[in-house]
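The values are calculated or read from the model by the stated rules, or taken from the named source; none is laboratory data. Every value quoted in this text rests on a predicted model; they were computed, and no experiment measured them. Cβ coordinates were reconstructed from backbone atoms using ideal geometry, including for glycine residues, and neighbour counts include every protein chain displayed.
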């Protein structure tokens with residue numbers, strides 16, 4: 001009789017593990033944890049066959065070295081910036097993510113934040129809540145039709161934003177060194193980063209977090225933006241240099257920003273970004289809907305099931321590991 005594989009869940013943000021248990025029934029035993037750092041989960045994970053991961057990390061080369069049996073690290077979400085992919089590949093560990101579970105939601109949220117900035121929705125709501133019924137504090141407001149949206153990154157989410165923005169009559173520019181003009185049948189003109197910053201009335205960030213994109217929105221970038229432009233970030237907090245953003249807001253070199261993700265996260269209270277009339281901050285909620293939650297919960301456990309069953313998973317982020325995996329795949 002074969003021994004069931006051990007699957008460690010480093011952390012999760014839902015009420016039960018019924019989905020995971022159903023998917024892995026008869027194949028694995030779950031060890032659910034609620035941790036934030038490797039030190040908290042590495043002892044339990046030392047003999048794991050698979051690791052399911054939400055936020056806990058970073059999963060560094062040192063952590064990977066302490067999991068000699070691990071065949072797969074499956075992230076519930078999209079980003080894998082907290083996992084040392086090179087070390088995982090060298091160790092024969094497959095790393096997967098869940099790239100499509102919330103693309104509609106994040107695109108909708110980016111556009112919602114853009115609309116809130118454009119129409120000063122939050123500004124007016126705050127005024128009314130404080131007993132004031134006035135238009136002037138919201139001035140100036142500019143018509144969205146005919147304005148320019150600049151998308152930094154032109155992946156799945158950004159392309160959905162482009163289509164939605166075009167429906168509002170917006171001109172769409174994008175910067176993405178990995179995508180060619182006309183590669184996708186969606187609105188958008190490819191430009192260089194500096195031109196996008198100079199031209200855009202709204203700069204919406206959608207790149208993955210890498211060494212090249214970390215703090216790409218720095219003092220130099222903000223200095224190129226229009227004084228009437230807004231920054232929108234539904235990507236990763238560290239894409240923006242928070243101190244540079246504060247300086248830009250203080251100097252009124254941009255009109256404001258709307259942030260679903262921040263650096264650090266959660267944003268401390270007090271913090272210089274809090275309490276500003278021209279700043280909207282959400283608690284990293286853009287990904288969420290009931291449908292997205294269902295997709296989030298099923299994605300990673302299904303990848304683990306495939307690997308433990310001898311199948312190649314669907315969303316592998318380190319494909320060069322193929323042929324030299326601990327799983328024999």
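Whether a residue is in contact with a strand residue (DSSP E or B) (Cβ under 9 Å, 6 or more places away or on another chain), in a loop (DSSP other than H, G, I, E, B) and in contact (Cβ under 8 Å) with a residue 12 or more places away in the chain was assessed, and residue 47 passes this test. Those helices (runs of 4 or more DSSP H) of the stretch 64-139 in which 2 or more residues are under 19 Å from residue 261 (Cα atoms) occupy 103-119.
The set of residues in the stretch 293-311 being in contact with a helix residue (DSSP H, G or I) (Cβ under 7 Å, 6 or more places away or on another chain) and surrounded by fewer than 19 Cβ atoms within 10 Å (Cβ to Cβ) consists of 298 alone.
Screening residue 314 with (1) touching a helix residue (DSSP H, G or I) at 6+ places or on another chain (Cβ under 8 Å); (2) in the same structural domain as residue 49 (by TED's automatic domain parsing); (3) part of a helix (DSSP H, G or I) gives one miss only, at (3). Do we have any residue at all in the stretch 193-200 that's more than 25 Å from residue 83 (Cα to Cα), modelled with pLDDT of 95 or more and part of a loop (DSSP other than H, G, I, E, B)? Yes, the stretch 193-200 has at least one match. Residues that are buried (at least 16 other Cβ atoms within 10 Å of the Cβ) and over 17 Å from the mean Cα position of the chain (by Cα) within the stretch 312-329 comprise 313, 316, 318, 321, 325, 326, 327, 329, listed in sequence order. For the stretch 1-41, the candidate set comprises residues that are assigned to a loop (DSSP other than H, G, I, E, B) and free of Cβ contacts under 8 Å to residues at least 12 places away in the same chain; within that set, the residue that is nearest to residue 68 (Cα to Cα) is 3.
Scanning the stretch 256-285 for residues being under 16 Å from residue 238 (Cβ atoms) and in a loop (DSSP other than H, G, I, E, B) gives a total of 12.
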